[in-house]
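Novice: Dumping the structure here so I can ask a few things about it.
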Amino acid sequence: MKQQVELPIATESDRTLILFGALLLLYLTFQVFCTINVLGHFPNGFGTENFYHPIALNLLQFGEYALGEYPDLTSSTFRPPLYSLVLAGLYGLFGPNEVVGIVFNNLLLAALMTMVFLLGRRIHGVVGLIAVVLLMLDPVGLAQSNRNQSDLLFAALITLSLLLAWNVLLRPLKYRWVALAALALSLATFTRAAGMYLWIPLVISLVWAHWRKESVTRLVAAVVLVAAIHAAFTLPWMMRNNAIVGSFDFAGMKGWHLVSFLAPLVIAKRDGIEPQQAKQKIWDDIRADPRRPADDDVGAQQDYLSALGGKLVFENWPHLLLVLPDNVPKLFLSYPSEPLAVFLTQDNYNAWHELDRARHITSYGVDTWGIQRRIDQVRYYLEHGLLGILGYGLFLKVLNALVLVLGFVGLVLMWRAKSPDVRHYATFLFLTIGCLTVISVLVTQGRFRLPLMPGFTLCAGYALLSLYHWIRQRGKAHSVIQQSAA
């Protein structure tokens, strides 16, 4: 597949723009009906960790980023604040109802789809169209758009940064585009701590794209600009956290997640026990440790848990390598069936809900490759009339597996493109999505793939269009040979 697609092809883009408009309208219609059905079953949307909504209420009513009820408010350092800040603003405008957050997330999902198409259209309209279709077929977006959580905002900001980085890497170096791309990444970091290091891929990519065309002074200025914008969001928040709990952690959840999720999986692999048993053992040891800080010394506890979790993981790194093959399919191939389940009849929905409730109770650390568990699930689906849910689940796993394979192929093809611009952008995609994947695969849930899939589907669309052109070129060559032989 040596034939590469030129940039841009306006006539193709114009036709696909009309197709995208029609497709988006259909998807928006489905979104509306899905949300109506969701709210019929779950008045506040699908279940959440109940973290962002209470903080947003306290921000709105008392001006404090805190959990608890007034006057017993506890300032939180657990997660970055942007989603709660946005939510508080929306509550101030439309009322403190969680449905407001769900409507906002549905709008973000539509915006994400639009940005993915516009990004793909920079290469070719068909690439944008393919990328959007692949995203729309994965219900993870619908699952998160109907939860009052930060995942859609994070994914939309990551996708916006991919779109803005195009102008940074494929156009003459302009500080305004560098600033906007860095701002999008910094806002993403201010939404979820997983974006903490994404400014580095932007710096590496812009230096590589422009080092032959720009002076050292201008490149240094661009790098400083990216770093300064990142620091403007992260450093004040870290200083605020230190003032509250005595720890500079950007997000205090780090240590808790290490000892409660990742370390138990590693220890379970090492000792041949269930992850829940490993988690219980770790926490029993923590409670018995005389060096453990007092419960009211939150910052010292955060640092203690971070150090302990890191020690458990790194001392048992060979077993960590055994955990990752379990986490990769959980991240990319898991099936959020709830957006489709809300369309079931009441009896079928009740059967699905019972299985889903049991799955959530026992899902932590479950063996990804357990054959008997899969057989039991399939049997349950068939016995309770859930063939549609089962069929779409199988389809989704095959689809996302193909997206991953095609995404890798498309990335290689972009690196082999004649245009250095395409190669530069491929490097940025690889570094950004690779960095996010490494972070997400350690303590993973299926929703963590949401910010990753725009990049994967873009590369998959590039691979499919390249394959089409290659087949077409081969067909023409074959026809010429036949005519010559005649």
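The values are calculated or read from the model by the stated rules, or taken from the named source; none is laboratory data. All values reported here derive from a predicted model rather than from experimental measurement. Cβ sites come from the backbone with ideal geometry, for glycine too, and all protein chains shown count toward neighbours.
Novice: When you scan segment 60-90, how many residues do you find that are of a type in the set (A, V, I, L, M) and closer than 21 Å to Leu235 by Cα?
Specialist: 4
Novice: Okay, moving on. Restricting to segment 77-98, and then to whatever is among the polar types (S, T, N, Q) and surrounded by 17 or more Cβ atoms within 10 Å (Cβ to Cβ), can you tell me which residue is farthest from Ala188 (Cα to Cα)?
Specialist: Result: Thr77.
Novice: Here is a further query. (1) touching a residue at least 40 places away in the same chain (Cβ under 8 Å); (2) surrounded by fewer than 21 Cβ atoms within 10 Å (Cβ to Cβ): which one isn't true of Thr217, the others all being true?
Specialist: The single condition Thr217 does not satisfy is (1).
Residue by residue, here is whether (1) of a type in the set (Asp, Glu); (2) in a helix (DSSP H, G or I); (3) outside the structural domain of Trp470 (by TED's automatic domain parsing); (4) modelled with pLDDT of 95 or more holds:
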{"position": "Leu19", "(1), (2), (3), (4)": "no, yes, no, no"}
{"position": "Leu24", "(1), (2), (3), (4)": "no, yes, no, yes"}
{"position": "Cys34", "(1), (2), (3), (4)": "no, yes, no, yes"}
{"position": "Thr48", "(1), (2), (3), (4)": "no, no, no, no"}
{"position": "His53", "(1), (2), (3), (4)": "no, yes, no, yes"}
{"position": "Gly68", "(1), (2), (3), (4)": "no, no, no, no"}
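Novice: Just one of the numbered conditions (1) touching a Pro at 6+ places or on another chain (Cβ under 9 Å); (2) over 18 Å from Leu157 (Cα atoms) is not true of Gly95; which one?
Specialist: Condition not satisfied by Gly95: (1).
Novice: When residues of segment 29-66 are filtered for being β-branched (Val, Ile, Thr), touching a helix residue (DSSP H, G or I) at 6+ places or on another chain (Cβ under 9 Å) and farther than 23 Å from Asp356 by Cα, how many remain?
Specialist: The total comes to 2.
Novice: Condition check: touching a Pro at 6+ places or on another chain (Cβ under 6 Å), part of a helix (DSSP H, G or I), assigned by TED's automatic domain parsing to the domain that holds Val100 and aliphatic (A, V, I, L, M). Does Leu57 satisfy that? Lay out the reasoning, then the answer.
Specialist: Working: touching a Pro at 6+ places or on another chain (Cβ under 6 Å): yes; part of a helix (DSSP H, G or I): yes; assigned by TED's automatic domain parsing to the domain that holds Val100: yes; aliphatic (A, V, I, L, M): yes.
Taking the combined requirement at face value, the residue satisfies it.
Novice: Do we have any residue at all in segment 161-181 that's in contact with a Ser or Thr (Cβ under 9 Å, 6 or more places away or on another chain), assigned to a loop (DSSP other than H, G, I, E, B), touching a residue at least 60 places away in the same chain (Cβ under 8 Å) and among the polar types (S, T, N, Q)?
Specialist: no
Novice: Would you mention how many residues in segment 335-348 are among the aromatic types (Phe, Trp, Tyr) and buried (at least 20 other Cβ atoms within 10 Å of the Cβ)? Steps first, please.
Specialist: Of all residues in segment 335-348, those among the aromatic types (Phe, Trp, Tyr) come to 335, 343.
Checking which are buried (at least 20 other Cβ atoms within 10 Å of the Cβ) leaves us with 335.
Count: 1.
Novice: Still on this model: Tell me the residue from Ala131, Ala155, Ala143, Ala110 that is among the small types (Gly, Ala, Ser), within 21 Å of Arg15 (Cβ to Cβ), assigned by TED's automatic domain parsing to the domain that holds Tyr83 and within 16 Å of the chain's Cα centre (by Cα), please.
Specialist: One residue alone meets the criteria, Ala131.
Novice: I would also like to ask the following. Can you pull out every residue in segment 126-149 that is in contact with a Phe, Trp or Tyr (Cβ under 9 Å, 6 or more places away or on another chain), within 18 Å of Leu331 (Cβ to Cβ) and among the small types (Gly, Ala, Ser)?
Specialist: Ala143
Novice: Going by what's in this entry, would Gly92 be described as touching a Phe, Trp or Tyr at 6+ places or on another chain (Cβ under 8 Å) and more than 23 Å from Ser247 (Cβ to Cβ)?
Specialist: no
Novice: A follow-up question, please. Can you confirm whether Pro264 is in a helix (DSSP H, G or I) and exposed (fewer than 14 other Cβ atoms within 10 Å of the Cβ)? Explain how you work it out, then say what you get.
Specialist: On the way: in a helix (DSSP H, G or I): yes; exposed (fewer than 14 other Cβ atoms within 10 Å of the Cβ): no.
No: the conditions fail for Pro264.
Novice: Please indicate, with yes or no, whether at least one residue in segment 399-417 is in the same structural domain as Thr114 (by TED's automatic domain parsing), loosely packed, with under 15 Cβ neighbours inside 10 Å, modelled with pLDDT under 90 and not in a helix (DSSP H, G or I).
Specialist: Within segment 399-417, one or more residues are in the same structural domain as Thr114 (by TED's automatic domain parsing), loosely packed, with under 15 Cβ neighbours inside 10 Å, modelled with pLDDT under 90 and not in a helix (DSSP H, G or I).
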